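Enquirer: Just dropping this structure here.
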Amino acid sequence: MATGVKTEARTYQMMINGEQAASASGKTFDVLDPSTEEVIAQVPDANATDVERAVAAAKAAFESGPWGQTTAQDRGRVLFRLAERIRKEASKLAELESRNSGKPIVEAEFDINDVATCFEYYGGLATKVMGHVNPVPDNALSLSLREPVGVAGQIIPWNYPLLMAAWKLAPALAAGCTCVLKPAEQTPLTALEMANWFEEVGLPPGAVNIITGFGETAGAPLVQHPDVNKVAFTGSAAVGKMILKSAADTIKRVTLELGGKSPNIFFADADFEAAIDGALFGVFINQGEVCSAGSRILVERKIYPKFVDAMTEKAKRIRLGPPLERETKMGPLVSKEQYERVTSYQDLGKKEAKLAIGGGRAKAFKKGFYVEPTIFYDVDNRARIAREEIFGPVAAVIPFDNEPDALRIANDSPYGLAAAVWSRDIYKALRMVKALRAGVVWVNHMQPTYVEAPWGGYKQSGFGRELGPWGIEEYLETKQVHINLNEQPIGWY
Ligand code: NDP
């Protein structure tokens, strides 16, 4: 893999109604490589006028355009062809994703594979959407039909750019919806690359529109638009709350995939080596920019000092580096804003707890948004570094005394996206699984995510489920049809 290769800043266009489109205002904004802070692209800065065009195209494609008329079989075939094209271009997409987001190239390659798998999964599921016959007591045939919800407005974050786009687009298209997708301002490039193949794979104009811009000027008008029937959002809880309020004005369907402060819980009887690995992987993968990051590491007191020491020792070996180098295990954070946010939490942590390792900028790098993997220990679960989502490589290690204590601490959080339990005692592990208030629970692992299994949070981590058959449900309405089989008049009057 080539490293440190400079590319000319490239100008991208949006995709509206099957055509490359500049913004109505003509304005653009810069997209950076977070490892060098150089501008690698310019993209259109969309506003409400562009949202209007995109929504109109999506509405027309749904109501009178070809996508609304496609069969489920044809929709499935389009998704398969898109997946095939993505696989063909996988290395190019992975490199672009890595360069734009800062994630290590090896992780980006996994992501792109998952993107293709997601389109394949929903390509297959398109033909498995079925209605019901309802057992009503009258002489009638009562049916429940499943129909697409209509135009979906989809807003995604920067940590898994193309994968989040796939999680949104694939189920929506399989259901027969049309889409307006707004990628995060920092990472729009892979989605725009993918848009170049829409026509070739048979996606008709307007079925998927991609607008680039900022949350307040492009995201907000998308949420407010009366012709958008459903909003699917992944991002912070703060923005999720605003979206929920705004969507109320037009009674939109809303699904929210928000943040987390997930507990990764280690009992003394866990396999020690696997546990140390799992603790580090759970919180430092993708530079800790993971909604389900195991950022609260709960450790049984019996092994606590040994655990903190071993984790710290192993963390010293984590290799920070340019994202395109294959040996790199941790790249830069995505942006200056995120760098400042994470370093401010590193400073706060030094006041709230004890520092085992890290705690600041990674000084070996003159440029780029690099921070050190950081471990705080003796953290009180009421401390801000244990309650607030940092979204960076910062771990809070918290001791516990026994099973009820672990459960109390784990569930004492406004969030409930994910949790993990490490133990060789199956009874204990399964008791924890049942009692943890989280949408995803792993046992003796943390982070594996599959398109076949549901994803989403409890409590303030949001609602609705993505992936699997649950993902397509969120893009379907249910229509009740009553067919009278009785040839007599109703006979009421
Ligand atoms: P934000 O909530 O800031 O942004 C997410 C998206 O929302 C971006 O596209 C953003 O635009 C847009 N947005 C911002 N303000 C508005 C608004 N007023 N109206 C409509 N759209 C808006 O999150 P981040 O991008 O900072 O991503 C990190 C967050 O995402 C973390 O909290 C993380 O936990 C969460 N996340 C959750 C996941 C899950 O599955 N539960 C997965 C991945 C991330 P802009 O680009 O301008 O900011």
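Enquirer: Identify all residues within the stretch 327-350 that are within 16 Å of the ligand (Cβ to nearest atom) and part of a loop (DSSP other than H, G, I, E, B); write none if there are none.
Expert: P332, L333, V334, S335
Enquirer: With a cut-off of at least 1 residues that are in contact with a helix residue (DSSP H, G or I) (Cβ under 8 Å, 6 or more places away or on another chain) and modelled with pLDDT under 95, name the strands (runs of 3 or more DSSP E) lying wholly within the stretch 1-83.
Expert: Values: elements: 14-16, 19-21, 28-33, 38-44.
Because the criterion is at least 1 residues that are in contact with a helix residue (DSSP H, G or I) (Cβ under 8 Å, 6 or more places away or on another chain) and modelled with pLDDT under 95, no strands (runs of 3 or more DSSP E) in the stretch 1-83 meet it.
Enquirer: Tell me whether the stretch 450-462 contains one or more residues that are within 17 Å of the chain's Cα centre (by Cα), at pLDDT 95 or above, surrounded by fewer than 15 Cβ atoms within 10 Å (Cβ to Cβ) and among the acidic types (D, E).
Expert: yes
Enquirer: For the stretch 203-233, give me each residue that is free of Cβ contacts under 8 Å to residues at least 40 places away in the same chain and either more than 12 Å from the ligand (Cβ to nearest atom) or touching an Asp or Glu at 6+ places or on another chain (Cβ under 9 Å) (or both). Let's see the steps before the verdict.
Expert: The initial filter retains those residues of the stretch 203-233 that are free of Cβ contacts under 8 Å to residues at least 40 places away in the same chain, namely 216, 220, 224, 226.
Q224, P226, listed by residue number.
Enquirer: Please verify whether D50 is of a type in the set (D, E) and touching a residue at least 60 places away in the same chain (Cβ under 8 Å), treating the condition exactly as stated.
Expert: yes
Enquirer: Residues that are surrounded by fewer than 24 Cβ atoms within 10 Å (Cβ to Cβ) and more than 16 Å from the ligand (Cβ to nearest atom): which helices (runs of 4 or more DSSP H) entirely in the stretch 157-202 hold 3 or more of them? First the steps, then the outcome.
Expert: Numbers: elements: 161-175, 189-195, 198-201.
Ranges flagged: 198-201.
Enquirer: Right, something else. In the set E289, E273, which member is within 8 Å of the ligand (Cβ to nearest atom) and out of contact with any Cys (no Cβ under 7 Å at 6 or more places or on another chain)?
Expert: Working: E273 fails: within 8 Å of the ligand (Cβ to nearest atom).
Going through E289, E273 in turn, the sole match is E289.
Enquirer: Take L324 and decide whether it is outside any helix (DSSP H, G or I) and within 16 Å of the ligand (Cβ to nearest atom). Outline the logic, then answer.
Expert: Details: outside any helix (DSSP H, G or I): yes; within 16 Å of the ligand (Cβ to nearest atom): no.
Criteria not met by L324.
Enquirer: Sticking with this one: Residue check: is A310 surrounded by 23 or more Cβ atoms within 10 Å (Cβ to Cβ) and among the aliphatic types (A, V, I, L, M)? I'd like the intermediate steps shown before the answer.
Expert: Details: surrounded by 23 or more Cβ atoms within 10 Å (Cβ to Cβ): no; among the aliphatic types (A, V, I, L, M): yes.
For A310, the condition - surrounded by 23 or more Cβ atoms within 10 Å (Cβ to Cβ) and among the aliphatic types (A, V, I, L, M) - is not met.
Enquirer: Output the residue which, of all residues in the stretch 128-156 that are out of contact with any strand residue (DSSP E or B) (no Cβ under 6 Å at 6 or more places or on another chain) and surrounded by 15 or more Cβ atoms within 10 Å (Cβ to Cβ), is farthest from Y450 (Cα to Cα).
Expert: So the residue we want is G150.
The values are calculated or read from the model by the stated rules, or taken from the named source; none is laboratory data. For clarity, every value in this text was computed on a predicted model and none was experimentally measured. Neighbour counts run over all protein chains shown; Cβ positions are idealised from the backbone, glycine included.
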